[in-house]
Amino acid sequence: MTSSVGRPMHVDRAGEIIRSLSPRALGTVWLLGRGEAQTQVAIADRLSCTPPAVSKHLTALSELAVPLVEKSGSRYTVTTAGYAVLDVVNELLIDRRHGLSTIDWSVADDRTMIEAALAPLTTTRSSHLFTVLSAINEEGSFDTSLSGPLVGMISRSSLIEAATSMHSGTGASRRTVRRQLSALATNDCIELADDTITVTEKGATQLWLLSDVIQIVELHESNTPESTPESDGHHLKDRTVVGFSAMTADTVVEPTLCVDDEPVLAIPESMTVDELLDLASQLGRHYDGSQSLTRKWTTVRQH
């Protein structure tokens, strides 16, 4: 989907979410959301870490401005924003011939693969990196969708001016922007040559990731039914959810793939979430990037 870069606050909060997604933190949300591990001990066993480490991840994820998990009694549950973030990261990894369902969270090589795919976004300590990415997107007017252009070129000097201006009054400097550009180049997100910045395939997917997480932040803060669902404990009534939000229930009824909000394909009730994501990813490649592909459900119920 194509999106504007969003207001600075939304960029910062999207960056906060993405920076929280270390492989084990991401695995914590995934296992909890999938129902594959419901206790901290069980999650720690799957992640090959200690229960206190899992507790630290859960606390941090619940204290984000847009929390990915929330505590209910003595247990944590994944929020609507958390499921949406899982959806976005899963699509990015599927595009790189992986997917969250293929990850063995106890294997260091699998965790390293995730970290490499998301670096430097998840390994930076600076929010300025996300401002630089937003400036790259804005200056290049890139289509921030996985089906859009994979590469693009912009002027380095224009980008530095734009990124510095976007952080006016917050301490950013030309030196800071240049340092973030170097980090992006080191991680193969961009190529630098003279006054030219070339966005690579990996950089394009990271622009897409940031753009979609910004939309998740905007949705969370717009006080829509998606962020404040009405529930009677057994049914989520009259709720339209996207992507992994369907995993809040065991059965999805009448799901439909939509293009620009127009239904294009009904999904059999027996189809699993992983099969649905694979189908959505395949279908998305048949569109030119000017159309928005979403997955919507009008009714969600639990057994």
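No lab work stands behind these numbers, since they all come straight from the coordinates. Since this is a predicted model, take the numbers as computed values, not measurements. FYI the Cβ positions are ideal-geometry reconstructions off the backbone, even for glycines, and counts take in every protein chain you see.
This ranking places MET166, MET153 by how few other beta-carbon atoms lie within 10 Å of each, fewest first, which gives MET153, MET166.
Cβ crowding within 10 Å ranks TYR83, TYR76 as TYR83, TYR76, fewest other Cβ atoms first. Rg and Dmax of the stretch 21-118, based on Cα coordinates, read 12.5, 38 Å. Dipole of the stretch 21-118 computed with +1 at Lys/Arg Cβ and -1 at Asp/Glu Cβ about the Cα centre; of VAL89, SER74, GLN38, farthest Cα towards the positive end is SER74. Note on ASP195 and THR123: their simple-model spin labels are 3.2 nm apart, each label 7 Å out from Cα toward Cβ.
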